[in-house]
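Where a number appears in this text, it was derived from the coordinates with a stated rule and is not lab data. This structure is a prediction, so every number in the text was calculated from the model and none was measured. Here Cβ is always computed from backbone atoms with ideal geometry, including for glycine, and neighbour counts include all displayed protein chains.
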Amino acid sequence: MSKTMWDPFVGEVDFHQQSVANPREGIEIPDFFRSLAGVLVLAGFVICFVGIFYRDALWLGVPSLCIGLVGLLGIDHLNNKDGKIRWLLYQLAEANRWAFEVLPSTNLQKNEALKRLANQPRENGSARQPGEIPMDPRVRRVYDRVGDLLTGKVGRVTVLDIDAFFWGETRKSVPFWMAIGVVQADMTLAAPSLKTDAYGNTGNQAYMLQMLCAYRLDRDTGIRARLLHESVTGESRHDFQTESIDFNRKFNISIADRKGNTPEDADAQYQALLQALSPATQATLIELKRKYDVQLVIDGDTVFYAGWDKVNSSDFSIVAEHIVTVTEAFAESAVSFKHFVE
Amino acid sequence: MTLLTVLILFAAVLGGYVYCYNGLVNSKLKVDEGWSGIIVQLKRRHELIPNLVNAARTAMSHESGILESILEARSNALAALADGNHDTVNEAEAALTSALNGFVGYTEDNPEITATDNIQLLQRQLEETEDQIAASRRLFNGNVQAFNTKVMSIPWNFIANMKGFRPETMFEVDATEMVTISKPTDIAALGMDGDRR
């Protein structure tokens, strides 16, 4: 009998590890050129903005932007970055003995399934725009359920562009599902604190791991609560407030899809939320917000927990060395407040 | 023109006063709310203790001194809660924690005492309550810190002096309780120490 893994969307999936071929080595380009291309893109944007008022500036802005973008894409292509990231994620699944599924390329020429989907109307029946790349159905259902945790928002560093799905168990045998997206970021102009990671690596190039983890609670909370980033302008006065100033400053708390409209319904849901957000839950989440910049959705008996971490190095061997610890620690942190919510 | 300037200045001062005063009142309310959170958890601990003592009494008949010291510390803690003084509560709860630690230490040396499911369950509930107390204390101290920062910084300190707001005292912990407080940071074991952002 094959082993099954818990999944927040379909209940259970059979254990499977999609194999990924060893990628070609690619051509190593010095980090300096990537930083230069990144700065050109940034400068190009600024100069193009100035071009709104002084049209001549566009002669400088547009070429800077184009050269920078082509440079970034070209360096990634020559280095075979996508292939190496897939390989890295596959190695991660192997090391942790997690079930694994990598998302295929969004290039329609390389992805037959997506190409077929592109010729069909959208889910709501409307026709697709020419050149529109459809979303993978597996990613679509994640967006449909917890889109708040994936999309861009003020206060969020990057969006979560999913590269692979994982199914595993924590050290205390809590089954979880995880989606991971890896992006390379140029930290040349970033704050000094972003140039060093938690593992002692320092550098202007970093691999950022965007992670979304889900697991099931032992009870149904009866609510769908969202704990998202608080607005950069300060603490919102319109969300739910707990007893902690620090927690309220860090999280914008709301109940989505409210059941019933009477004051009694609202009170019951508020009580259910407070029960889930016990003092120990809040204290743990304050700590995790500092570590992983977390956001979460408590959807009935399922917790969706999103955050990010980084490894400051452009060397794949160093990233590969840390990625197992990073993801395992993230999964452990996701369930660290489980019994407090229960 | 002069009148308009005076009116604008007056409105600005009045607006600033209202903003600062409301900010101080909100922060003070959060400090009180945080204290109530601690009280709820402490009361829960007090309610668990008689059941634990009764369950352990038969097995520890020859060591009744430990149980009596727990009950005495509990009754002092209850009296301190009724009194409401933060320092008194702090001292009485530290004494209760110390008495409970004595019990835990004894059961570790004599595991047959905790062989019954009932005592194991009560001990687990007590540990969970200790976690919640430690967390409540951290949240309360965070609120006190935010309030005290306001009371001592410009321009809030002008209003604080006028309206009689005074810095609050944090709920301190002794060395033995620090062990309980540092419990939830399991992820530190994976080399994730320190803030990274």
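A few notes on this one:
- Look at the alpha carbon pairs under 8 Å that are at least 6 residues apart: their mean separation over the length of region B:95-177 gives a relative contact order of 26 percent.
- The aspartates and glutamates whose alpha-carbon is closer than 13 Å to the alpha-carbon of A:Lys195, local same-chain residues fewer than 8 away aside, are A:Asp186, A:Asp309.
- For region B:104-163 versus region B:14-53, the gap between their alpha-carbon centres in whole angstrom: 12
- In summary, region B:73-156 shows an alpha-carbon radius of gyration equal to 1.49 times the 2.2 N^0.38 Å reference for compact globular proteins.
- Using a Förster distance of 56 Å, the FRET efficiency for B:Met1-A:Thr196 (Cβ separation, nearest 0.05): 0.50
- For peptide B:127-137, the mean count of partner chain Cβ atoms within 10 Å of a residue's Cβ comes to 4.
- Between A:Asp315 and A:Ala57, the modelled label-to-label distance comes to 4.1 nm, taking each label 7 Å out from Cα in the direction of the beta carbon.
- Mean sequence separation of contacting Cα pairs (under 8 Å, at least six apart), scaled by the length of chain A, corresponds to a relative contact order of 16 percent.
- Whether region A:1-60 is rounded, prolate or oblate, judged on the alpha carbon gyration tensor where a/c under 1.5 counts as rounded: oblate
- When A:Phe53, A:Phe316, A:Phe251 are sorted by how many other C-beta atoms sit within 10 angstrom of their C-beta, beginning with the fewest, the order is A:Phe53, A:Phe316, A:Phe251.
- Sorted by Cβ density within 10 Å, fewest first, the residues B:Asp131, B:Asp32: B:Asp32, B:Asp131
- Most mobile of A:Pro175, A:Pro121, A:Pro30 in a GNM of chain A (Cα contacts under 10 Å): A:Pro121
- Springs between Cα atoms under 10 Å define the GNM used for chain A, and in it the highest mean-square fluctuation of A:Pro192, A:Pro63, A:Pro263 occurs at A:Pro263.
- Comparing A:Asn204, A:Asn119, A:Asn312 in a Gaussian network model of chain A where C-alpha atoms under 10 Å apart are linked, the largest mean-square fluctuation is found at A:Asn119.
- Burial ordering of A:Leu89, B:Leu4, A:Leu73, fewest other beta-carbon atoms within 10 Å first: B:Leu4, A:Leu73, A:Leu89
- Cut-off 11 Å, label 7 Å out along Cα→Cβ of A:Thr158, residues of region A:195-211 by amide N: A:206-211
- Number of partner chain Cβ atoms within 10 Å, mean per residue of A:317-330: 1
- Whole-Hz Karplus values for region A:54-66 come out as 10, 4, 4, 5, 5, 4, 9, x, 5, x, 4, 4, 5 Hz, taken residue by residue from phi with 6.51 cos²θ - 1.76 cosθ + 1.60 and θ = phi - 60°; glycine and proline positions read x.
- On the beta carbon distance between B:Ile8 and B:Gln125, with R0 = 45 Å, the FRET formula returns roughly 0.15.
- Straight-line cross-link partners of B:Lys163 among the aspartates and glutamates, defined as a Cα under 20 Å from its Cα and at least 8 positions apart when in the same chain: B:Asp32.
- Largest first and in whole Å, the equivalent-ellipsoid semi-axes of region B:6-54 read 48, 4, 4, each the square root of five times a Cα gyration tensor eigenvalue.
- Around the amide H of A:Ala164, modelled in the peptide plane, lie the amide H atoms of A:Leu103, A:Ile180, all under 5 Å away and 5 or more residues distant in sequence or on another chain.
- Cβ-Cβ FRET estimate between B:Ser64 and A:Asp144, R0 fixed at 51 Å, reported to 0.05: 0.25
- For B:Lys43, the aspartates and glutamates whose Cα comes closer than 13 Å to its Cα, not counting residues fewer than 8 places off in the same chain, are B:Glu93, B:Glu130.
- Region A:44-86 - Debye-derived log10 I(q)/I(0), Cα point model, q = 0.15, 0.21, 0.32 Å⁻¹: -0.47, -0.63, -0.95
- For the set A:Lys289/A:Lys310; A:Lys250/B:Lys30; A:Lys172/A:Lys291; A:Lys153/B:Lys150; A:Lys84/A:Lys291; A:Lys172/A:Lys310, the pairs lying more than 18 angstrom apart at their alpha carbons are A:Lys172/A:Lys291; A:Lys153/B:Lys150; A:Lys84/A:Lys291; A:Lys172/A:Lys310.
- Translational diffusion of region B:1-156, µm² s⁻¹ [Kirkwood Rh, Cα pairs; Stokes-Einstein; 37 °C; 0.692 mPa s]: 177
- Percent of Cα pairs exceeding the 43 Å cut-off, where the set is the protein assembly as shown: 33
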